[in-house]
Amino acid sequence: MAEATDKPFGTVFGESMTTVSWTQSDGYGKPEVVPVGEISIHPGAHVFHYGSSIFEGLKAHRGDDGVVRAFRLDRHIERMQRSSTFLCLPEPPTELVETMVLDAVKANLDIIPPAPGALYIRPTMIGTEVNIGAAAHEPQSGIFYILTSPVGAYFTGDQTLRVAVETKRLRSTPGFGEAKAGANYAMALRIVREAEQMYDTDQVLFAPDGQIEETGAANFLLISNDRIITPPAEGNILNGVTRDSILTLGHGLGYQIEERPVAVDEAISWQGEAALSGTAAVLAPVGTLLLDGVEYQMLDGKPGTNTVRLRQALQDVQLGRAEDTHGWMRSVG
Ligand SMILES: *Cc1c(COP(=O)(O)O)cnc(C)c1O
């Protein structure tokens, strides 16, 4: 699948997906494996008008030994269940999601690219009840499906990110930022686009009242030779699985882990590395922070050695090169 992984992230899909329908009254039906293609949804469906949409993003990796393993499936299932409660969608049972994810991977085993590529897995839930009068009601019915997408490395080589710091506007609303929902991306989009147009940035780091939260789709970490500092994953901050994994592996490598509030002032004067963590990007080095148009370079602006080391430690576990001491990997197939 060399061709697939040369294409932009998220534009190539596996040929099969798993899908199940649900109703609030009867719960989930029986999941099926179906070809990926157009689905028919009424224009009056709840999702189009009132945003009943949540998703997850995780990966399955093909190890050097040829074994395909899904990364921290249990954590992603728990988060999807939590997101569902925020949007009054019916919580999908653990075994159902597990089966549907594993079946989606099995159905697309032959398109999983070798490392550093992977199979990105996108569980998606939407409300399809046809009722534009249901603004104040949860959708009574909907579907839950699991798409897959073969992906290459998100970042390569020497790339570092330019990140604008936004100290006034919010990424989400207090509390709701914990949900992995399309609505949060819709809220942040205009701010991200404005920064891109003004400063040619890749991302916006949201830091209301000068306290750092996260970017539109990734968590933020300050890293030095002996410390990893990141704001606690609560309230507005999405509880990233990559963030948690880096902290756990970092602790094992002897880094001191500090989960505490991080002020913008600390970040812009930090004599060390900064990085963004997320399933797609893994651990992406930040080269420059921009505050009110003023640039602050992180060290020499190049990927830092600690960032590269931590990313490598995570990838070694994902590819079966290092022992999976935390039980994160789930063999498929
Ligand atoms: C998905 C996401 C992340 C990263 O979470 P991972 O579990 O590491 O992929 C961070 N912030 C937001 C807002 C997200 O939607």
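For the pair GLN271 and PHE9, label points projected 7 Å from Cα toward Cβ lie 3.3 nm apart.
Given a 1.4 Å probe, how much area per residue of the chain is accessible, in Å²?
45 Å²
Subtracting the Cα-Cα distance of THR99 and HIS49 from 0.36 nm times their residue separation leaves 14.9 nm of extension gain. Partners of LYS7 within straight-line reach, counting lysines whose Cα lies under 18 Å from its Cα and excluding those fewer than 8 residues away in the same chain: LYS59. Given in Å, the Rg to one decimal and the Dmax to the nearest whole number for the Cα atoms of segment 174-333 are 15.8, 51. Diffusion of the chain by Stokes-Einstein, at 25 °C in a medium of 0.890 mPa s and with Rh set to the Kirkwood radius over alpha-carbon pairs, works out to 119 µm²/s.
For a paramagnetic label modelled on ARG82 (point 7 Å from Cα along Cα→Cβ), amide N atoms under 19 Å away belong, within segment 243-276, to 243-249, 258-262.
In this entry, segment 79-131 is assigned a mean projected area of 5.1 nm², taken as a quarter of its C-alpha convex hull surface.
Fully extended, how many nm does the chain gain between ASP209 and ASP74 (0.36 nm per residue separation, minus their Cα-Cα distance)?
Computed gain between ASP209 and ASP74 is 45.2 nm.
When Rg and the Kirkwood Rh are both derived from Cα coordinates, the Rg/Rh ratio for segment 57-99 amounts to 1.11. With all protein chains in place and a 1.4 Å probe, the accessible surface of segment 126-246 carries 49 percent carbon and sulfur. Kirkwood radius and radius of gyration were both taken over the C-alpha atoms of segment 225-319, and their ratio Rg/Rh is 0.95.
Apolar share of the accessible surface for segment 275-314: 50 percent from carbon plus sulfur atoms, 1.4 Å probe. Label sites at VAL308 and THR325, each approximated as a point 7 angstrom past Cα along Cα to Cβ, lie 2.4 nm apart. When the Cα positions of HIS49, ALA267, LEU289 are compared along the charge dipole of the chain, HIS49 comes out farthest toward the positive end, with charges on each C-beta of Lys, Arg, Asp and Glu.
Protection proxy ranking of 113-125, 22-34, by the mean of other Cβ atoms within 10 Å over each peptide's residues and highest first, is 113-125, 22-34.
Roughly speaking, what is the stretch gain from VAL130 to TYR154, that is 0.36 nm per residue apart minus the C-alpha to C-alpha distance, in nm to one decimal?
Details: separation 24, 0.36 × 24 = 8.64 nm, distance 3.78 nm.
Answer, rounded to one decimal: 4.9 nm.
With a simple spin-label model that places each label point 7 Å from the Cα along the Cα-to-Cβ direction, the separation between ASP226 and ASP316 comes to 2.2 nm.
The values are calculated or read from the model by the stated rules, or taken from the named source; none is laboratory data. These numbers come from a predicted model, not from an experiment. Cβ atoms come from the backbone with ideal geometry, glycine included; neighbour counts cover every protein chain shown. When the accessible area is computed, the model is the full protein with side chains, heavy atoms only, and any ligands, DNA or RNA have been set aside. Shrake-Rupley method; radii C 1.70, N 1.55, O 1.52, S 1.80 Å.
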